[in-house]
Amino acid sequence: MTSPAHPTSRSRQAAAREQADAAPVTVRHLLATQELAAAVEVVGGASGLHRPVRDAVVGTLGESLPPGTRLDGSVIALDSRRGRADSYQIDLALRVAVDSGASALILCGPRSLLALAALRFADKIGLPLVIDSEHDPLTLADHVRRVVRDPLVVRSSLILDVLEALQQATARDATDELLSRIGHRLSARIALIGSDGTVIAGDDQGSPTEPGRLLTVPSVLMDGDAAFVTHPLSLATGERPSYWLSARLDSPTASRQVVTADALGMTAWFLTSRLVVDRLQRERDARFRLGVLNSIVSGQERPEPVLLEQLAVLGWQVDGWCTGIYLQAAGDVDPLRILTLTDELSRLLRAAGIDGPMIERPDGWTLWTVAKEEPTAAVSSLLVRSLRDAIARFVSGVTRIRLHAGIGRPESGLPGLRSSLAESKEAATIAQAAGGGHGVQHIDEMGVRRILLGWYASDSFAEFARTLLGPLLTVDSDGELLLTLESYLDHESSATQTAAQLAVHRNTVLNRLDRLRALLTVDLDDPDERLAVQLACRVIKLKRAESHAGI
């Protein structure tokens, strides 16, 4: 969980609150507050919404002010429920307001008495003309004064509202429901964002348009008139944030930004405790599922009673024709991210018609489907297409991850499942060795690739590959040069296409190629030597994939 704020941090927070209290409140800020946002309509003079507000005065439409009266920075709230339909009194009120230095004119009453001339006059003088159809002038003025003069009272009230919402929350409340209640009290749209920028819960509008700008400390991101107040959530001390809370505020005052940041801090503590419990539960369940999978893979021809009991507890079906699927993840992957991505991947697979036990591994997932009758070749082809489409959608929705899948032959019963899972693992290795961000390989479609797998896996060719690429492997600690070389050869020596695949500038590729040519004692312009280097890249990649997969 996040650690308590450092004393220096507290001092900065106090200074931020003092600055917020001293910051001017504009007409735009005032009209965006929760009490007014749904009740008011700016009908004219929108160019003056930046005017500062310092006070409020009340009256009735048709009343006159003493000559020379100054209302600098005041909002004039007039009762217009008995106004004259010709709008003459509105024109006069606008003239008095602008001459007295007022910041806005708010008419508490219906919109029907407004004439086009009044709206044009408000636009001409740049004085906001606002209709409030819900409040009377006294209530409106009281709200204005509280916002302008007593921001601390307003903040305290909002904090108490948020605390009440958190105290009323139960373990059965969905995170979406909780964030909706907090957002309603803060007049904000709140989202819980994952480490890859996807919205996990809450309002999609609460997420910044550039989630990559999220910081590891509480911050405010501005996007036009909207402010995104963000707060990171770390599930363990010293751990990078796994989630962010983000609240969108439209035209907020500085004080409103501060109170939203405080409220998100409290909500973050509450959600962090819930997420830690959820993580522990997921990790425990995942370890149990992985243990059962290992028992299936390494079990005897005749299953032990304890394994059958575990299958029954989990509800895993193995009676029928089982088709194993092995999903190999690469890139920005760790066991925790595998856990957090399981739900989304499962949803996409089910939408594609692929449903079965989902077991998390440290480097991916294993699953299988069960059919009563032996699947035909057409059914297997459909499975390949459906899985490929689901994986493509999954990879497009997450960042810095590659996913390759292997599919085994359908086999009968638990012994058949064991065989199909082994084949799916082999096919996934070939799919990953083929490169790209994602791919699917069925064991029956491997053909020549399966022959090459045996060749690649031979000790003699592996030794040749390590010798040929030795100078490169020695200095390429992050794998960047090897990936560039492989992509360059796969794209028929096109630096432009290589740059596009790697998402770097073409000059970056050319610079890396110059370094590669200096390291390797081969001529990349010679077709035979180029082929040898390409095959060597493949075998090095395959050996690494086997090592990560535990083969």
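The values are calculated or read from the model by the stated rules, or taken from the named source; none is laboratory data. Please read these numbers as outputs of a predicted model, since none were measured by experiment. Note that we place each Cβ from the backbone using ideal geometry, even for glycine, and neighbour counts take in every protein chain shown.
Condition check ((1) assigned to a helix (DSSP H, G or I); (2) within 30 Å of Leu308 (Cβ to Cβ); (3) within 37 Å of the chain's Cα centre (by Cα); (4) of a type in the set (D, E, K, R)) across all residues:
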position: Leu382; (1), (2), (3), (4): yes, no, yes, no
position: Ala392; (1), (2), (3), (4): yes, no, yes, no
position: Ser396; (1), (2), (3), (4): yes, no, yes, no
position: Gly406; (1), (2), (3), (4): no, yes, yes, no
position: Ala428; (1), (2), (3), (4): yes, yes, yes, no
position: Ala431; (1), (2), (3), (4): yes, no, yes, no
position: Val440; (1), (2), (3), (4): no, no, yes, no
**Request:** Can you tell me which residue among Val229, Val258 is buried (at least 22 other Cβ atoms within 10 Å of the Cβ), assigned to a helix (DSSP H, G or I) and in contact with a Lys or Arg (Cβ under 9 Å, 6 or more places away or on another chain)?
**Result:** Val258
**Item:** Condition met for Arg274 (over 30 Å from Gly416 (Cβ atoms), basic (Lys, Arg) and assigned to a helix (DSSP H, G or I))
**Value:** yes
**Fill in**
Within the stretch 488-545, residues of a type in the set (D, E, K, R), in contact with an Asp or Glu (Cβ under 6 Å, 6 or more places away or on another chain) and part of a loop (DSSP other than H, G, I, E, B) come out as Asp523
**Prompt:** In the stretch 310-350, which residue that is farther than 21 Å from Gly408 by Cβ and of a type in the set (Gly, Ala, Ser) is surrounded by the fewest Cβ atoms within 10 Å (Cβ to Cβ)?
**Reply:** Gly315
**Request:** Please go through the stretch 283-310 and pick out each residue that is more than 39 Å from the chain's Cα centre (by Cα) and either in a loop (DSSP other than H, G, I, E, B) or basic (Lys, Arg) (or both).
**Result:** Gly299, Gln300, Glu301, Arg302, Pro303, Glu304
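This table checks each residue for (1) surrounded by 17 or more Cβ atoms within 10 Å (Cβ to Cβ); (2) assigned to a strand (DSSP E or B); (3) assigned by TED's automatic domain parsing to the domain that holds Pro110.
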{"residue": "Arg28", "(1), (2), (3)": "yes, no, no"}
{"residue": "Glu41", "(1), (2), (3)": "no, yes, yes"}
{"residue": "Ser47", "(1), (2), (3)": "no, no, yes"}
{"residue": "Ala56", "(1), (2), (3)": "yes, yes, yes"}
{"residue": "Gly59", "(1), (2), (3)": "no, yes, yes"}
**Asked** Somewhere in the stretch 362-385, is a residue crowded, with 16+ Cβ neighbours inside 10 Å, touching a residue at least 24 places away in the same chain (Cβ under 8 Å) and on the phi > 0 side of the Ramachandran plot?
**Response** yes
**Request:** Being in contact with a helix residue (DSSP H, G or I) (Cβ under 7 Å, 6 or more places away or on another chain) and at pLDDT below 85 is the filter here, so list the residues in the stretch 226-241 that pass it.
**Result:** Leu235
**Item:** In the stretch 295-346, the residues that are at positive phi and either of a type in the set (Asp, Glu) or at pLDDT below 85 (or both)
**Value:** Gly331
**Prompt:** Looking at (1) in contact with a Cys (Cβ under 9 Å, 6 or more places away or on another chain); (2) among the charged types (D, E, K, R); (3) outside the structural domain of Val43 (by TED's automatic domain parsing), which is the one condition that is false for Asp136?
**Reply:** (3)
**Fill in**
Asp250 passes all but one of the listed conditions (1) among the acidic types (Asp, Glu); (2) outside the structural domain of Asp343 (by TED's automatic domain parsing); (3) over 22 Å from Val154 (Cβ atoms); the exception is number (3)
**Asked** Taking the stretch 137-187 as the search range and keeping residues that are outside any helix (DSSP H, G or I) and touching a residue at least 40 places away in the same chain (Cβ under 8 Å), which one is farthest from Phe270 (Cα to Cα)?
**Response** Ser187
**Fill in**
In the stretch 169-185, residues that are at pLDDT 85 or above and of a type in the set (A, V, I, L, M) total 3
**Request:** Take the residues in the stretch 169-181 that are touching an Asp or Glu at 6+ places or on another chain (Cβ under 9 Å) and closer than 27 Å to Ser255 by Cβ, then tell me which one is surrounded by the fewest Cβ atoms within 10 Å (Cβ to Cβ).
**Result:** Ser180
**Message:** Out of the residues in the stretch 153-168 meeting the condition of being at pLDDT below 85 and of a type in the set (A, V, I, L, M), tell me which one is surrounded by the fewest Cβ atoms within 10 Å (Cβ to Cβ).
**Reply:** Val153
